[in-house]
Amino acid sequence: MNAPIIDPLQGDFPEVIEEYLEHGVIKCVAFNHRGSLLAAGCADGSCVIWDFETRGIAKVLRDNDCAAAITSVSWSKYGHRLLVSAADKSLTLWDVSTGDKIARTTLQQTPLHARLNPGLSSPSLCLACPLSSAPMIVDFEIGCTTLLPVCVPEMPDVLAPPQRSKCAESGPPFSPAAACFNKCGDLVYVGNAKGEILIVDYKSVRVLALVPVSGGSAVKNIVFSRDGKYLLTNSHDRIIRIYENLLPAKDVLRSLEDLGKNVDGVDGVEKMKTVGSKCLTLFREFQDLVTKMHWKAPCFSGDGEWVVGGSACKGEHKIYIWDRAGHLVKILEGPKEALIDLAWHPVHPVIVSVSLTGLVYIWAKDYTENWSAFAPDFKELEENEEYVEREDEFDLMPETGKVKVSSVNEDEEVDIETVEKDAFSDSDMSVEELRYLPAEPIPDTNEEQDELKLIEARISASPASEEAVQNGHVTDLVSSPQGEEMGETRGKRKRKPSEKAMELQAEKAKASKASGRTVREKSRAVGDQEIDESVNGGGDDDDDAYY
Amino acid sequence: MAEEVPSASYIPYVHSQTLTSHAHALSSLKFSSDGRLLASASGDQTIRTYAINLKGDPIAEAAQVFTGHESGISDVAFSTDARFIASASDDKTVKLWDVESGSLIKTLQGHTNYVFCVNFNPQSNMIASGSFDETVRIWDVTTGKCLKVLPAHSDPVTAVDFNRDGSLIVSSSYDGLCRIWDSGTGHCVKTLMDDENPPVSFVRFSPNGKFILVGTLDNTLRLWNISSAKYIKTYTGHANSQYSVSSAFSVTNGKRIVSGSEDNCVYMWELNSRKLLQKLEGHTEPVMSVACHPTENLIASGSLDKSIRIWAQKK
């Protein structure tokens, strides 16, 4: 809807760190379908959901049974459910709007990666990739796990043994295989240690096609683009490969079956490969020829135009961005902390990266003020232009009046109600999407309200009072052990706070103390040197206006 | 209830009820999005809500009174789920109230002059407020923090509105400009102005977010197309040269524009033909605010004469 108004170059890539979010030690992040909510799993087993627009915490999902670090988070398609896998081998399914646990199972191994079926609106089916076993389908409703085949043996009529049990499988230990659902959720693409991509129908536990990855080295990550047209694999040979998905979007199973039937004369593995070659074709390869680094958490941008990969080297936080044609367009460098997870916002040119220290960095475009937006008759020039005057430009014309002939045809029909279909409703609208969690305003306490009045009075009195307020605020942080309320609000987001924002913080800090007034008197005497810090941290009011 | 109209199919609105609970002039009226409540803000420093019972007689019954502001109130807005009300006051604050209980939840401090207008975004996680300090502030509902301060205008900001999906904010000011902002980043996207720029007293988005209805202090209402940055309709006949009179789209029964006026009447035009359909008479002082019920053919008007009048369509 806003496409004609907003700058078309917005579908671009981010450049600088805009902000960072903090809540304990974050391990992994995931955006919901529209990018309005960001879910993050913490090292203490809780899961926090940020409202990405206000950058404030919308919900915290805390399970008292689970205190182990979260290894991955995954949203359901319409954002109603969240799947969380943890280091204590458990998988928990949460209902996002109520914050209740729907189901929880424990697996044999710790799942490194778990994904909810993207085809269903209320999925209870998910794909889990454990550390040292084959990927499995876990059905919460029935309560069973199904191991998926990881390789196709050479014998033509024996398919990989399907196992329907919760017992440990006997067999050679697999190295971790990566797997993902396709866009509609009826196929699973498995990348195995031999460097092959298997297309598996998980309902019948059959391998339908096989695509060998050139180079034959183990596949570490396998990810689809949002529109399902491209597939990305990250291999042990440090190359990211992009495949084009040739299968149609709907009725995929039937197309695959048809393809299988049409292939004559070959059987078994060869047949799989032939079918496979009709499903995926290699499109591009990305690697860093200079440093030959391993990649971590590669993924597509929301529109599939860009591919992003994080460097897996310890001690550096580098994000590489390529365009789909294969050119490296940007390397983003963050603070010297290893990168552990990465996500691209589904809509905006925003990247979110998680560092080893548990902070979530938000990368966005560096904004340059668009002055012509402020004055419509202002034309921005790239460089000086020579202006040539007309002959009669400055002549005095006797008859020039301010007669403005309105060239507007006011009789045209105007439609004020029709809304264009959203670019993001790429599926049926039968299910209401959970885009936002309702905001629950945190009530001001009575003390805060008194303080507010006091502060207002002081502000109108003198500017020096602001310093005192800030001063009190800083020492309160130090002296009061129960700054939880403060900690909570501060923990959400960190921006350069303006003086006004600092006041609001100060009010909240005061509320946590029983005797606000006396403390302030005391603390004013205490920290004179704190004033410098707080004033510098406060920043300029003018600055704030140009955010 | 004079009828100005031509077409026989037009059923005129008639006066249904007068509410005189306020002690001072009315400044703003809003219906909740489910149509069950009407909120009114007044110079007597209170906000009142009324329960709307369409089948009842009287239609509107007093529900709650919200006291706490230290100065007159210029604007009030419902959150989308009608659980909260935000009010903009001359005491430089925006206050957030709980509708059911009538209690004050939060006070949003930050403006340095009278706060003139306020609105929730459709997701109701943000509030935009415009003030005499020439800025528009965007607040986070949950924490009450000011998320952004937009250097919007060079004169008092008279109106703010969010579009349908909450991605854009439009602001108008006495400096004659209407500006459109990206609510996520706070960047200015467009400025709409004409050759002559009379002070703009009111602005709001059309239901589909493609047009804005702009009221200016030269007795004119215009409908602008945002993408082409030109106005496409003009509505005249009413009087508006002093006050910030609000107007609204009425879509429940044919597309219409409804506006208050300084000649004590409520004007209603047909949107496309721009014909004046009806002039609702009854108030004894300038009509400052009008609100259209979201689903029923009901109009509420608030005036400087301290009364609210409800107009319904004659059955």
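Listing for the model above:
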read-out: Mean Cβ count within 10 Å, highest first, over the residues of peptides B:126-139, B:147-160; value: B:126-139, B:147-160
read-out: Value of D in µm² per second that Stokes-Einstein yields for region A:279-352, Kirkwood Rh from Cα pairs, at 10 °C (1.306 mPa s); value: 124
read-out: Evaluated over region B:192-315, the Cα radius of gyration and Dmax, each in Å; value: 13.8, 45
read-out: Where B:V290, A:V25, A:V223 fall by accessible area, highest first, once all protein chains stay in place (1.4 Å); value: A:V25, A:V223, B:V290
read-out: Rounded to whole Hz, the Karplus (6.51, -1.76, 1.60) HN-Hα couplings of region A:304-311, x for glycine and proline; value: x, 7, 10, 10, 10, x, x, 7
read-out: Long-range amide H partners of B:C117 with built H, under 5 Å; value: B:G130
read-out: FRET E, pair B:T20, A:T418, Förster distance 45 Å, beta-carbon r, rounded to 0.05; value: 0.65
read-out: Two-site FRET efficiency, A:A67 against A:K292, from Cβ-Cβ distance with R₀ of 45 Å, rounded to 0.05; value: 0.70
read-out: Region B:81-125, Cα convex hull volume normalised per residue, Å³; value: 71
read-out: Computed FRET value (nearest 0.05) for A:E257 with A:I142, which takes r as the C-beta separation and R₀ as 25 Å; value: 0.50
read-out: Highest-MSF residue in chain B out of B:S227, B:S259, B:S42 [GNM, Cα springs under 10 Å]; value: B:S227
read-out: Test item: B:133-142 mean partner chain Cβ contacts at 10 Å; value: 4
read-out: Carbon/sulfur fraction of accessible area - chain B, other protein chains in place, 1.4 Å, %; value: 45
read-out: Under-5 Å amide H pairs with B:S303, H placed in peptide plane, nonlocal only; value: B:L26, B:M288
read-out: Kirkwood hydrodynamic radius (C-alpha pairs) into Stokes-Einstein, region A:210-356, 37 °C and 0.692 mPa s, D in µm²/s; value: 200
read-out: Share of Cα-Cα pairs in region B:1-141 lying beyond 23 Å, as whole percent; value: 37
read-out: Principal axis dimensions, largest first and in whole angstrom, of chain B by Cα; value: 52, 47, 31
read-out: Estimated inter-spin distance, A:L131 and A:D227, nm [label 7 Å along Cα→Cβ]; value: 4.0
read-out: Cα centroid of region A:252-304 to Cα centroid of region B:267-309, whole Å; value: 64
read-out: ³J(HN,Hα), Karplus 6.51/-1.76/1.60, whole Hz, each residue of region B:278-291, x for Gly, Pro; value: 7, 10, 8, 9, x, 6, 10, 8, x, 8, 8, 9, 10, 9
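The values are calculated or read from the model by the stated rules, or taken from the named source; none is laboratory data. Everything numeric in this text was worked out from a predicted model, so none of it was measured. Reconstructed Cβ throughout: ideal geometry from the backbone, glycine too, with neighbour counts over all protein chains shown. Just so you know, the surface numbers come from the protein's heavy atoms only, side chains and all, with ligands and any DNA or RNA stripped out. Shrake-Rupley method; radii C 1.70, N 1.55, O 1.52, S 1.80 Å.
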